[in-house]
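Laboratory data are not the source of any read-out in this text; all were calculated from the coordinates shown. Nothing here was measured: the structure is a model prediction, and the numbers come from that model. Because the Cβ atoms are built from the backbone with ideal geometry, glycine has one as well, and the counts that use them run over all protein chains shown.
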Amino acid sequence: MDITKTTFSKKISTALISFICLLAISFSNSTIAASNCKGKSQNACGSSDSCSWTKAYKKKNGTKVAAYCKAKPKKKKSLATKKAASTQKKTASKVSKKTSSTTKAKETKKIIKKKTTTSSN
């Protein structure tokens, strides 16, 4: 009975350690991406497109914060950009529908002309 408990506890501890390692790896990827600007000098930070320099400042509680380099936020599409893209899609759809209906009308006219010319002969 003691052997099975020991084996079972070893399996659980192994699974738990594996899970913790997996979590650590998944969180480290986001940390690595955010820290590519960390520790850069003002000149190096300014020359990088993905970083921006934050000047030193003082918090309301009196704590002084030293100047530092940080990653720029990723740009999200603005609401205006999304609306413009949506409008362009709708306009393109309407144009293609009009074009296809115009083309169908022309084809119908051609068919009618052919029928009338062949029936009159």
Check your understanding: How much FRET efficiency would the formula 1/(1 + (r/R0)^6) give for LYS55 and SER13, where r is the Cβ-Cβ distance and R0 is 35 Å, rounded to 0.05?
Key -> 0.10
Practice item. Taking the Cβ of LYS38 as the centre, find all other residues whose Cβ is under 15 Å away and add up their charges (Lys, Arg: +1; Asp, Glu: -1). Key: +3
Study note, to complete from the structure: In nm, the gap between the two label points placed 7 Å beyond Cα toward Cβ at THR102 and SER35 is 6.1
Revision key, fill the gap. For CYS51, the residues 5 or more places away or on another chain with a placed amide H closer than 5 Å to its own amide H are LYS72
